[in-house]
1. State the extension gain, in nm to one decimal, for the chain segment bounded by Phe80 and Arg141, taking 0.36 nm per residue of separation less the distance between their alpha-carbons.
2. If amide H atoms are built 1.01 Å from N in the plane of the peptide, which residues on other chains or at least 5 residues away come under 5 Å of the amide H of Leu10?
3. Give me, ordered by chain and number, the residues 5 or more places off Lys161 or on other chains with an amide H under 5 Å from its own placed amide H.
Amino acid sequence: MQVYLPIAELSVDALLLLGLGGIIGFLSGLFGVGGGFLMTPMLIFIGVPPVVAVATQANNIIASSVSGVFAHWRRGNVDFKMGWVLLGGGFAGSTVGVGLFSLLRSLGQIDLVINLCYVIFLGTIGALMMIEGTRAMMRRRRKAAPRKLHQHSWIHGLPLKTRFRKSRLYISALVPLGIGFGVGVLSAIMGVGGGFILVPAMIYLLGMPTAMVIGTSLFQIIFVAANVTFLQAAQNQTVDVVLAMLLLVGSVVGAQIGTRIGSRLQGDWLRLLLGILVVAVCSKLFVDLFTPPIDIYSVGVPL
């Protein structure tokens, strides 16, 4: 059942895209992550150009984030003041990131940069998650007290201190602004919501309560992803609506199944399994960087 993707300029089996969306949605529901950092590499693996995979996945993130924010908002787990500060940095970062994306694309280096970003960040995050998951299971067996997530450092001496009552924090607004900016740049270049970096940063750097982190990060991701999608479509014309719709349908179904199964598994095991999965995807991208292409020469349309 072939379907033509007009922006990606290739024909792909629609069932393959639905299945891919379902698998990533299942993993998102199982592990509690956005799935963008897994979806984009998978699209690249099946032949979708990296520039199209990045821009289209940013659009796919919006729907899943909106659904997640409403669920957390009903539980009172969204710090809107912190979310707006993160969003200010994220909006600026995503705008700069799309401009950088356009520059790298004009230089013919964007595919290499996308792959390198994924290898570096997925490798680092995956390794840290595996280490942390293993340590947590060892502490559980020894019944040792969990280590503190948050300690005072030079960050807490910065100016422009603001009180975030919902998160019970009194810190400099420069820190969440900077975090939001960095995540915004990555969202534009890597086609991810940035939750796999934003969530650990909010816990370990800002010291936010874990229950408040996910809903607040999703709130910021909605608007940053929307900004990235709009700018990518307007400046680079790389958002494929047909691809986005097929992935969205599969993701919705898969996420429901993954959420039910994930609620029955221990958090330590989930963290370890996700780390293994992330490292596996990173390894495939790393190998592809050094594997000669089947067709050394190809005919393309000039930019």
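A short reminder: the numbers here are calculations on the coordinates, not readings from a lab. Model, not experiment: these values are computed from the prediction.
1. Details: separation 61, 0.36 × 61 = 21.96 nm, distance 3.80 nm.
Separation in residues times 0.36 nm, less the Cα-Cα distance, equals 18.2 nm.
2. Under 5 Å from the amide H of Leu10 lie the amide H atoms of Leu5, each far enough along the sequence or on another chain.
3. Distant-sequence amide H within range of Lys161: Ala173.
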